[in-house]
Structure formats: structure tokens, C-alpha cells
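**Q** One structure follows; several queries about it will come next.
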Amino acid sequence: MINYKKSNLLLLKRFLLVVLIYQLCRVLFFFMNLNSFGSFSFETFIGGLLFDVSAVAYLNIIFIIAHLIPGNFKYKNTYQNRLKIAFFSVNLLFIATNFIDIIYYRFTGRRSTFSMITAKGMEHEAMGLIPSFLKEFWYIGVLFLIFSVLFWMFIPTFNSSIENKKITRNQYIKKYSLFIIALGIVLVLGRGGFQTKPIKIVDAIKYGELGNSALVLNTPFCILKTISKKEDIEKVHYFDESKLASIYNPIVTLKSNIPANKKNVVILILESFGDENVGRGCTPFLDSLITKSYYFKNGFANGKVSIDAVPSILSSIPSLMNNSFISSSYSLDKVNGLPKILKKEGYTTSFFHGAFNGSQNFDQYSKVAGFESYYGKDEYQGPEAFDGKWGIFDEEFLQFFCKKITTFKQPFFTSLFTISSHNPYIIPEKYKGKFPKGKTTIQESIGYTDYALRQFFKAAKKQGWYKNTLFVISSDHTSAEGDQAFDKTNIGKFSIPILFLDPSNPELVGKNEKNFQQIDIMPSILDYLNIKTEMVSFGKSFKSKDNFVVYFLQGTYHYIQDDYYLAFANNQCIGLYNWKKDALLKANLISKDKVRVAKMEQFLKAYIQSFNDRVMNDQLTIKPI
């Protein structure tokens with residue numbers, strides 16, 4: 001029994017060591033992203049400990065069995081050495097994901113999930129960008145190596161100095177009883193307690209301040225919890241069908257007595273051009289365009305990563321699940337977005353992305369969405385302009401774009417996604433020192449892309465199609481950085497510029513103060529062009545009286561209606577704020593304005609139910625009767 005007790009004690013020490021490392025990773029995560037979170041409270045510590053213990057219990061269950069199962073074979077040096085190496089290797093692999101997210105969180109605003117790290121179309125990005133990330137954030141690699149060495153050094157080693165004796169029947173019964181009890185305890189720890197259902201990612205919202213969920217969570221837990229789930233989207237039934245339709249119906253019917261105005265449509269999606277980078281000296285050309293355009297002052301992204309923006313802008317499908325729609329198993333759902341609707345109206349359709357073909361599955365989604373042509377790095381024709389990591393520099397690719405669409409039959413609908421203001425923020429050598437460095441690392445590349453945009457418009461104005469074109473410009477999402485407190489709030493994290501420019505319509509100028517989101521772009525374009533259609537759209541036209549915005553981030557739904565912002569998680573409202581008067585979201589009004597909370601909650605539930613039902617049942621198009 002002495003060796004058995006030694007083995008049990010050894011297991012406990014190893015378990016606690018890993019839990020301690022997870023806590024240290026959380027502290028690092030907090031201090032490396034200090035501006036992204038509120039205070040690190042005792043409540044945050046307790047919540048973090050709960051999720052850490054759960055992850056460690058699940059990940060080490062095989063080692064727990066290997067330590068506790070009765071039998072003298074366990075006390076041999078060969079067995080123990082292999083067990084130690086395996087324990088170290090498996091745990092170190094998952095500890096590494098915590099270190100990766102210290103930086104990756106800045107770009108996604110959430111802990112990584114299984115679907116994020118296995119998403120199709122991301123393989124090339126990883127291979128091309130990992131060296132750049134290691135170079136830029138070398139200190140994370142150094143810290144990880146230090147942790148790795150210390151982890152190995154502190155793993156206790158089993159020393160058997162007692163001669164193994166034959167185990168008696170009573171000892172077997174006693175040991176197996178302890179073994180079963182121990183497994184039971186581990187399962188309880190893994191599920192997070194004795195509650196009806198095991199803890200989920202969304203439960204992190206219960207601990208600490210609003211917006212601190214990623215701090216409470218750990219990346220291994222998020223990966224484990226999403227391995228068996230396709231996209232973490234669930235069937236909900238808040239209302240019956242008739243009640244649901246009376247509260248919210250995503251079927252949008254556009255009717256017009258005026259003949260369709262079949263202008264060309266060009267949508268430019270600018271990488272990371274969030275509001276934190278606009279109007280601050282880095283984007284002089286875009287700033288000038290805003291004064292000449294119909295500008296949506298309160299513009300919002302429907303996601304935090306590039307892959308969320310494309311279906312939102314082009315198909316009016318928001319990202320209301322932990323996985324991006326494009327990389328999900330629902331990506332092959334039939335959609336009736338701008339490419340298909342405009343193609344029926346006689347438009348030539350195309351999609352341009354300067355990165356290598358296959359990047360972020362944009363080429364595949366362009367086919368599903370109905371684009372006739374896709375132009376990536378492989379199709380580029382022009383002077384050598386590969387940035388060495390990601391794709392073709394924006395200036396050259398925008399010039400290629402201009403020349404190419406000039407050859408298209410009119411009317412045409414086309415969209416281009418810029419790339420140069422994506423990490424690692426490479427700009428051509430000839431422009432080094434030309435653009436202001438700004439206060440954050442991204443802003444020099446933002447300045448370069450802004451310059452490339454100026455050159456594009458300079459070339460486009462010389463083309464015959466220019467004055468017969470509606471230009472729509474939107475950022476894909478905010479950047480990883482912002483130098484003001486508002487940029488880190490749940491409002492600021494999604495605030496982006498969106499504008500419409502029609503050179504032939506001097507009346508389409510001014511600022512729209514209503515809440516406007518990426519999924520509003522599709523119905524707004526069609527309404528502006530007077531195109532008659534009926535479609536499934538989770539957004540609304542800019543002509544609509546509705547004034548809402550809905551977006552989602554790691555278990556929390558964010559809903560803006562007029563001047564109020566509601567946070568909804570774990571099937572309950574957790575915060576209500578007047579974001580116009582309380583920009584930093586300090587005064588929670590949830591207990592003071594219950595009537596407004598109830599009304600907003602009803603709409604949001606109907607919105608969620610409509611989205612989940614239609615995505616899960618492939619009902620994103622209106623089927624002919």
C-alpha cells in the first residue's frame with residue numbers, strides 16, 4: 001500500500017502543478033492585454049480556478065487512471081518514466097494554446113475554439129504568419145520556453161524504494177474502491193460541480209465584470225468544449241411560429257414603383273479599418289471620402305474576424321455562433337445574397353482578394369454565394385508585388401482590380417477585400433517612413449492602404465463606368481489595438497466606418513446617426529437601386545425605421561436598440577446601458593429599467609430563434625411555393 005499511496009500523492013502534486021501553471025498563464029494573459037479587461041477580482045480568480053480545474057481534470061483523466069489503477073506494474077521505472085514524459089507532453093501542448101491566445105486574443109476578441117484552429121482555409125495563413133508572429137512577439141516564445149523548462153523540472157518523480165509484494169484480495173478491493181471514488185471526483189471536477197449540466201463556455205459570464213469572460217476562461221477548456229460540437233449553435237424555442245413572426249421576421253420584401261436603377265456596385269472591404277484607426281491622422285483619404293459620402297456614423301461590424309465580414313456584408317448573414325459561418329458545416333447552406341440577386345438583374349459578378357487562393361475559404365464561399373468569378377493572388381497580373389507573407393500589396397492589387405473591372409460588361413457587381421493592414425503589417429520598402437507611425441503598430445499599414453485607396457479612386461475616376469457606380473466602403477472589423485478607453489468596450493470593439501458614395505448623386509451625402517451594421521449593407525444597396533426582391537436578411541435597409549444592431553462574441557449576444565445596449569448570455573440579460581450617455585458602460589441599468597429590458601429581451605430572443613432555426617434547417621433562402 002505504501003507505493004500505492006506514493007503514486008496517489010504524486011498524481012495530486014502533478015495535478016495541482018498544472019492548475020498552478022494555468023493560473024500563471026491567466027495572470028500573463030491579463031497583464032499582456034491589460035487594456036482589454038476590467039479589474040482582476042477575487043471573483044475572476046475563483047471563476048478561473050473552476051474552469052482551470054475542469055480543463056485539467058478532463059485532459060488528465062488517462063493519466064489519473066494510469067496512476068490509480070491497482071497493480072504492481074505501475075511501480076516499474078520504465079512505466080513511470082514513460083508516464084512522466086507523456087504527462088509532460090500532453091499538458092505542455094495545451095498550455096501552449098494559452099500562450100498563443102495571449103496574442104491571438106488581440107485579433108479575435110475571444111479564446112480560441114476547436115473550430116477556429118481547424119478551420120478550412122487557414123492552413124496557409126498559419127504557415128505564412130507563424131514566423132512573423134514569432135519574430136514580432138518573440139517574448140511570448142521565450143516565456144513559453146522558460147515555462148516548459150520549469151514545468152519539467154517541477155514535475156515530481158516517482159521513487160520506489162519498497163519491495164513490491166503480492167497484492168491480496170482485500171487490498172485489491174480497497175484499491176479499486178479508491179480508484180472508483182477518485183474517478184467520480186475527477187468527473188465532478190471536470191463538469192464543474194454537482195449542478196444539472198456541466199459548465200459551458202458561456203458560464204464564464206457569471207464571474208467578474210462584463211467583458212471579462214476571456215479572462216475567466218482558459219483556451220484548453222474552450223477547445224475541449226467545442227471538439228464535439230459543430231458550431232456551438234443550439235435549437236431554441238422561445239416562441240411558437242406565429243408569435244415569433246409577429247416579433248421578428250427576417251423575410252424582407254423590397255417594392256418600388258420606380259424602375260430599377262442598375263448602377264454598377266463596388267464594395268470595398270478594408271482590413272482592420274475600425275473607428276479606432278479612422279479620423280486620427282492615419283486615413284486622410286478615407287476621412288475626405290466620408291465628407292463626400294453618405295456616412296453611417298454609428299456603424300458596427302457583425303464579427304471580430306475577417307471571415308465573419310464576408311457573409312455579413314454580401315449575404316446579410318451575421319456571425320451568431322462561436323464558429324464563423326464560412327468555416328462551419330452550414331457554409332454550404334443555400335444563400336440568396338447580393339451576387340445571386342444582382343445576377344438575376346443582369347449584373348456581372350466577381351470577388352477579389354489579394355491573398356493567396358484558398359485564404360480563409362473566400363474562394364469557396366464566393367462560389368456558394370453565387371459570384372461568377374474569383375480573383376486572388378494566382379489571378380493577379382501586374383508588377384511583382386508579393387509582400388512575402390500574405391499576398392499582393394494593396395496598391396498594386398487595387399490597380400489590377402481597377403483595370404480588370406474596366407473590362408467587365410456593365411452593369412457589374414464586384415467586391416474587393418484589402419490585405420496589407422493585416423498582421424504582420426508589411427508595407428513596401430519604397431514607402432517606409434512615408435506614413436505616420438501613429439500610436440499603435442497597425443497604423444502605418446493603415447496609412448499605406450489609405451494611400452492605395454486614394455490611388456485606386458484616382459485611376460477609377462478616369463474610367464467610363466465611374467460615375468455610374470455606387471461605391472460601398474466598410475471595414476471588416478476593428479483592429480487589435482486602440483488607444484482610447486471606448487475602443488475596448490463592447491461597443492467600441494465593433495465600431496467601424498461604413499459609407500455609401502455615388503459620384504452621380506449629390507444628394508447622397510451627409511451623416512446618418514442611426515445604428516447601422518454590416519448585414520444592413522445588402523438590403524440597403526438593393527433598396528437604393530430600387531430593385532424589387534424578396535429575401536432572407538437579418539439586417540434592414542437604411543430607409544427602414546428600425547434602429548437595431550445585433551452581434552455576438554464567445555457566448556454573449558450584444559444588442560443595440562436606439563441609445564441602449566443590452567448584453568444577453570446564458571439565456572438571461574446581464575446588462576443594460578445607455579451607451580450614448582455612458583460610453584464606457586459603467587452604469588448598469590438592468591434593475592432600474594425592467595420594462596425596457598423585457599422589451600429588448602423579447603426581440604433579441606426572437607432574433608436568435610429565427611437565426612438558429614434558419615441556419616440549422618438550411619432556410620436562408622425563400623423557397624418557391
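**Q** Which residues in the range 169-201 have a backbone N closer than 13 Å to a point placed 7 Å from the Cα of Glu234 along the Cα-to-Cβ line?
**A** Under 13 Å, as judged by backbone N against the label point of Glu234, lie 196-201 of the range 169-201.
**Q** Once you have the Cα-Cα distance between Lys5 and Lys343, take 0.36 nm times their residue separation minus that, and quote the gain in nm to one decimal.
**A** Net length gain for the segment: 114.4 nm.
**Q** Here's a follow-up. Assign unit charges at the C-beta atoms only (+1 for Lys and Arg, -1 for Asp and Glu), then state the dipole size of the chain relative to its Cα centre in Debye, rounded to the nearest 20.
**A** Dipole magnitude for the chain comes out near 1660 debye.
**Q** Out of these labelled values of Kirkwood radius over Cα pairs in Å, (1) 24.9; (2) 26.4; (3) 29.3, which was calculated from the coordinates shown here?
**A** Matching the structure shown: (2).
**Q** Spin-label point model (7 Å from Cα, Cβ direction): what's the Asn72 to Ser504 distance in nm?
**A** Each label point lies 7 Å from its Cα, and together they span 9.3 nm.
**Q** Please find the FRET efficiency linking Ile62 to Met153, where r is the Cβ-Cβ separation and R0 is fixed at 22 Å, and quote it to the nearest 0.05.
**A** Rounded to the nearest 0.05, the efficiency is 0.40.
**Q** HN-Hα J couplings of the range 567-575 from phi, Karplus 6.51/-1.76/1.60, θ = phi - 60°, integer Hz, Gly and Pro as x?
**A** 3J(HN,Hα) across the range 567-575, in whole Hz: 9, 9, 8, 6, 6, 8, 6, 10, x.
**Q** Give me the angle, in degrees from 0 to 90, between the Cα long axis of helix 77-108 and the longest principal axis of the Cα atoms of the chain, rounded to the nearest 10.
**A** The angle comes out near 20 degrees.
**Q** Determine the per residue accessible area of the chain with all protein chains present and a 1.4 angstrom probe, expressed in square angstrom.
**A** Accessible area per residue, the chain: 42 Å².
**Q** Positive end of the dipole of the chain, charges at C-beta (+1 Lys, Arg; -1 Asp, Glu), about the Cα centre: which of Ser293, Leu187, Asn212 has its Cα farthest in that direction?
**A** Farthest towards the positive end: Leu187.
**Q** What figure, in Å² to the nearest 10, do you get for the accessible area of Met321 with a 1.4 Å probe and non-protein molecules left out?
**A** Counting only protein heavy atoms, Met321 exposes about 0 Å² to solvent.
**Q** Pull out the extension gain between Lys334 and Lys545, defined as 0.36 nm times the separation in residues minus the alpha carbon to alpha carbon distance; nm, one decimal.
**A** 73.1 nm
**Q** Percent of accessible area on the chain owned by carbon and sulfur, 1.4 Å probe?
**A** Of all accessible area on the chain, carbon and sulfur atoms account for 58 percent.
**Q** How long is the gain from Asn588 to Gln410 if the chain were fully straight, where each residue apart is worth 0.36 nm and the alpha carbon distance is subtracted?
**A** My answer for the length gained is 58.9 nm.
**Q** For the chain, what relative contact order do you get, as a whole percent, if you take Cα pairs closer than 8 Å and at least 6 residues apart?
**A** That works out to 20 percent.
**Q** Next up: Could you give the angle, 0 to 90 degrees to the nearest 10, between helix 42-59's Cα long axis and the longest principal axis of the Cα atoms of the chain?
**A** That works out to roughly 70 degrees.
**Q** Less than 19 Å from a label point 7 Å out along the Cα-to-Cβ axis of Asn468: which backbone N atoms in the range 329-348 qualify, by residue?
**A** It comes to 342-348, nothing else.
**Q** Which of rounded, prolate, oblate describes the range 409-466, given a ≥ b ≥ c as roots of the alpha-carbon gyration tensor eigenvalues and a/c under 1.5 marking rounded, otherwise prolate only if a/b is larger than b/c?
**A** Here the range 409-466 falls in the prolate category.
**Q** Could you check how many percent of all C-alpha pairs in the range 307-388 are farther apart than 15 Å?
**A** 58 percent
**Q** A further question on this structure: In whole angstrom, how far apart do the alpha carbon centroids of the range 202-251 and the range 429-507 sit?
**A** Comparing the Cα centres of the range 202-251 and the range 429-507, I get a distance of 32 Å.
**Q** Same structure, new question: When the helix-only estimate is applied to the chain (DSSP H runs of n ≥ 4, each -39,500 (n - 2.57), divided by the residue count), what is the mean residue ellipticity at 222 nm, nearest 500 deg cm²/dmol?
**A** -13500 deg cm²/dmol
**Q** Compute the helix-to-body angle for 394-406: its Cα long axis versus the longest principal axis of the chain, expressed 0 to 90° and rounded to tens.
**A** 50 degrees
**Q** In addition: Among Ile341, Gly109, Ile442, which residue has its Cα furthest toward the positive end of the charge dipole of the chain, with +1 on Lys/Arg Cβ and -1 on Asp/Glu Cβ?
**A** Sorting the options by dipole projection puts first Gly109.
**Q** FRET efficiency for Lys200 and Ser177, Cβ-Cβ distance as r, R0 = 30 Å, nearest 0.05?
**A** Once the sixth-power term is evaluated, E becomes 0.40.
**Q** Leaving out ligands, DNA and RNA but keeping every protein chain, what accessible area does Trp152 have, in Å² rounded to the nearest 10, with a 1.4 Å probe?
**A** About 100 Å², rounded to the nearest 10.
**Q** How far apart, in nanometres, would the label points at Glu43 and Asp562 be if each is projected 7 angstrom from Cα along the Cα-to-Cβ direction?
**A** 2.9 nm
The values are calculated or read from the model by the stated rules, or taken from the named source; none is laboratory data. What you see is a predicted model; the values in this text were computed from it and never measured. Glycine also receives a Cβ, built like all others from the backbone with ideal geometry; neighbour counts cover every protein chain displayed. Just the protein is used for accessible areas: all its heavy atoms, side chains included, with ligands, DNA and RNA removed. Shrake-Rupley method; radii C 1.70, N 1.55, O 1.52, S 1.80 Å.
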